Amino acid sequence: MSRRVALLGKPVAESLSPPMQNAAFAAAGLDWEYVALEVEPEELEPAVRRAWAGANVTIPYKQAVAALCDEAEGEAVNTLVFRDGRVLGFNTDKEIVAGIEAECVCLIGAGGAARALLPGLSGEVRVFSRRREWPPDASDADLIVNATPVRDELLVEPRAGQTVVDLAYRADGRPTALVAAARAAGCEVVDGYEALLRQGAVSFSLWTGLPAPVESMRSALGLAP
């Protein structure tokens, strides 16, 4: 019987994690299956307690699931490892921004995704959300990070010389409004597909103990080598 890994969140229907991780399992010769499971808030704990080989957690549960872990890497986690009857929570999202040097960061969003990125961000971080400071101001920033699901609205106007990281993506491959504007401005860009790949590769290794077959994962996302 194949081992199963779950993506827990709401919504999850458009996630590209299943094809990416299933391609990785196939490339590694593992009889594993990655499935997307949409869960309501009251279903989260029972879903976590099921007999998974591993799990990812996405919007809106990255903070809530940390509280369900026996041991958690920070207050927001996106990867669960089940070991010796214990639930271990890891934050592989921080790998998305690892190595990006910045003196001033415009971080858009204040939910679990934003909190998961914070440990990987350097420099002064200004957090913008509709419940706090709004609209976002990236005029002094050298790094703009969109940690919200917003895809069609241009929340800030990027300019040349800035680096832009956008966690959001469209399943059909079209760029988000922010990514399109950033590329047009000549920015260095990490789009949602590259972000998904970076965190997903680390998750794969945590579950399996094997190096991630990154090129197979990249190919499954339609990304160039």
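Here are the numbers:
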| item | result |
| --- | --- |
| Sequence ranges 131-137, 32-38, ranked by mean other-Cβ count within 10 angstrom, highest first | 32-38, 131-137 |
| Fraction of antiparallel bridges per DSSP, the chain only, in percent to nearest 5 | 20 percent |
| Answer label for Cα Rg over 2.2 N^0.38 Å (calculated), chosen among [x] 0.99; [y] 1.26; [z] 1.16 | [x] |
| Three-way shape label, the range 1-100, alpha-carbon gyration tensor, a/c 1.5 | rounded |
| Per residue solvent-accessible surface (Å²) - the chain, probe of 1.4 Å | 46 Å² |
| 222 nm mean residue ellipticity, helices alone, for the chain (DSSP H n ≥ 4; -39,500 (n - 2.57); rounded to 500) | -7500 deg cm²/dmol |
| Paramagnetic reach from LEU206 in the range 13-36 [backbone N under 14 Å; point 7 Å along Cα→Cβ] | none |
| Degrees separating the helix 192-208 axis from the principal Cα axis of the chain, which is the longest one | 30 degrees |
| Principal-axis tilt of helix 17-27 within the chain, Cα atoms, nearest 10 degrees | 60 degrees |
| At R0 = 30 Å, FRET efficiency that the Cβ-Cβ distance of SER216 and GLU153 yields, to 0.05 | 0.35 |
| FRET E, pair ARG49, ARG183, Förster distance 35 Å, beta-carbon r, rounded to 0.05 | 0.20 |
| Portion, in percent, of the accessible area of the range 73-139 that falls on carbon or sulfur, probe 1.4 Å | 45 percent |
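The values are calculated or read from the model by the stated rules, or taken from the named source; none is laboratory data. No experiment lies behind these values; they were computed from the predicted model shown. Note: ideal-geometry Cβ built from the backbone for every residue, glycine included; neighbour counts use all protein chains shown. These area figures cover heavy atoms from the full protein model, side chains too; ligands, DNA and RNA do not enter into them. Shrake-Rupley method; radii C 1.70, N 1.55, O 1.52, S 1.80 Å.
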